[in-house]
Every structure is written in C-alpha cells, then in structure tokens.
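**Q** Before anything else, here's the structure in question.
Any read-out appearing in this document is the output of simple, stated calculations on the displayed coordinates, not a laboratory observation. Here the structure is a predicted model, which means the values were calculated and not measured. All Cβ positions, glycine included, derive from the backbone under ideal geometry; neighbour counts span all protein chains shown.
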Amino acid sequence: MDGFIELLQDLWGFLNERKKYWLAPLIITLVLLGALIIFTQGSAIAPFIYTLF
C-alpha cells in the first residue's frame with residue numbers, strides 16, 4: 001500500500017510542477033475503468049460490463 005501512496009504523490013507532484021491539470025480527469029477515468037473491470041471479474045454482472053466495451 002505504501003508504494004501506491006508514493007505513486008500518487010509522485011503523480012500529483014508531476015501534474016502540479018508541470019501544470020498539466022488537464023491530465024487528472026483522464027487518469028482518474030482510466031483508474032476507475034480498470035477498477036471496475038477488476039472488481040466485476042467473476043461476478044454475475046461481468047457479461048453486462050463487457051458489452052459496454
């Protein structure tokens with residue numbers, strides 16, 4: 001878990017230093033989609049999720 005927090009801090013430092021705030025929504029969307037796919041694997045709603053893609 002420490003590695004994940006460190007990754008978030010480094011990512012925020014990069015976005016803040018280079019003023020690339022427009023990347024934040026893109027990164028958040030990709031992380032949420034990835035989490036959705038991981039958490040629905042093996043569940044009853046997985047076929048419905050995969051039809052979206």
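**Q** Cβ under 13 Å from Leu11's Cβ, Leu11 left aside: what net charge do those residues give with Lys, Arg +1 and Asp, Glu -1? Before the final figure, lay out the partial values.
**A** Details: positive: Arg18, Lys20; negative: Glu6, Asp10, Glu17.
In short, -1.
**Q** Additional query: If you take Cα extents along the principal axes in Å from the coordinates, which of (1) 43, 26, 8; (2) 38, 19, 14; (3) 43, 21, 7 do you get?
**A** (1)
**Q** Per residue of the chain, what 222 nm ellipticity follows from adding -39500 (n - 2.57) for every DSSP H run with n ≥ 4, rounded to the nearest 500?
**A** Taking each H run of at least 4 residues, the total per residue is -24000 deg cm²/dmol.
**Q** How large is ³J(HN,Hα), in whole Hz, for each residue of the range 5-19 in order, when computed from phi with the Karplus curve 6.51 cos²θ - 1.76 cosθ + 1.60 and θ = phi - 60°, using x for Gly and Pro?
**A** Calculated HN-Hα couplings, in order: 5, 5, 4, 4, 5, 5, 5, 5, x, 4, 5, 6, 5, 9, 6 Hz.
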